[in-house]
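What follows is a set of notes on a single structure, which appears directly below.
Derivation of every value follows stated rules applied to the coordinates shown; laboratory data play no part. Owing to the predicted nature of the structure, the values given are computational and were not obtained by experimental measurement. Note that we place each Cβ from the backbone using ideal geometry, even for glycine, and neighbour counts take in every protein chain shown.
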Amino acid sequence: MSEVNGFDYIVNNKVGSSPHVPQKKSKFGLYLVGITGGIGVAISVICIPFVSPAFRKICLPYVPATTQQVQNVLQALKGRSGSLIDLGSGDGRIVFAAAKAGFKAHGIELNPWLIWYSRLKALTTGLSSQTIFIKQNLWKHNLRGYNNIVLFGVDQMMKDVETKFINELQKDSVIIACRFPLPSMNVIKIVGEGVDTVWMYKISKS
């Protein structure tokens, strides 16, 4: 009887077999999976506002203005004053430059991360009283209250946005188009060259 019991013991407990994995290691694996999944979700949440424009009919991607482009915009606006809005304001660099030049500057942007970044920067640079950043689709925002408009557009949107300008802007309002010109309006000034070119237009209504 003792020999049978010994045989059963050997069968059920193979010599040289690995010991039972402690429960702590199993829990560590679950923690690791949870942390990795959490990081993945966080990255997705951050990236979606930057990637989602590619799924819209007209994509206006976040491409920061160069230092030269900002200077060209300010040069085109020389002698102007009043209210200004940057359509698709990104990280706010055009809005901040315009505020420093004396404009009451607004920026409109769909990406919430860029809106909060711009608002925080406005606070830290002391420009919060001269700037406003609005999270909204530019097509839904009425431009009637602005006399200076800045747009870093894409080719496929310029015809539609030109119609919006004509319908909503008051007489003598100025439009600064960057990267792409408006298709039909008469340009009154061109500043810069190549990718840094800006085109200036003025609304003339009878």
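Structure values in brief
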{"item": "Alpha-carbon Debye profile of region 129-190, log10 I(q)/I(0) at 0.14, 0.18, 0.19 Å⁻¹", "result": "-0.41, -0.68, -0.76"}
{"item": "Cα-Cα separations in region 88-136 greater than 14 Å, expressed as whole percent", "result": "36"}
{"item": "Computed E for Thr163/Ser81 - FRET, C-beta separation, R0 41 angstrom, nearest 0.05", "result": "0.95"}
{"item": "Size descriptor, Kirkwood hydrodynamic radius, that averages inverse alpha-carbon separations across region 57-166, Å", "result": "14.1"}
{"item": "Dipole magnitude (debye, nearest 20) for region 60-160, charges at Cβ of Lys, Arg, Asp, Glu", "result": "300"}
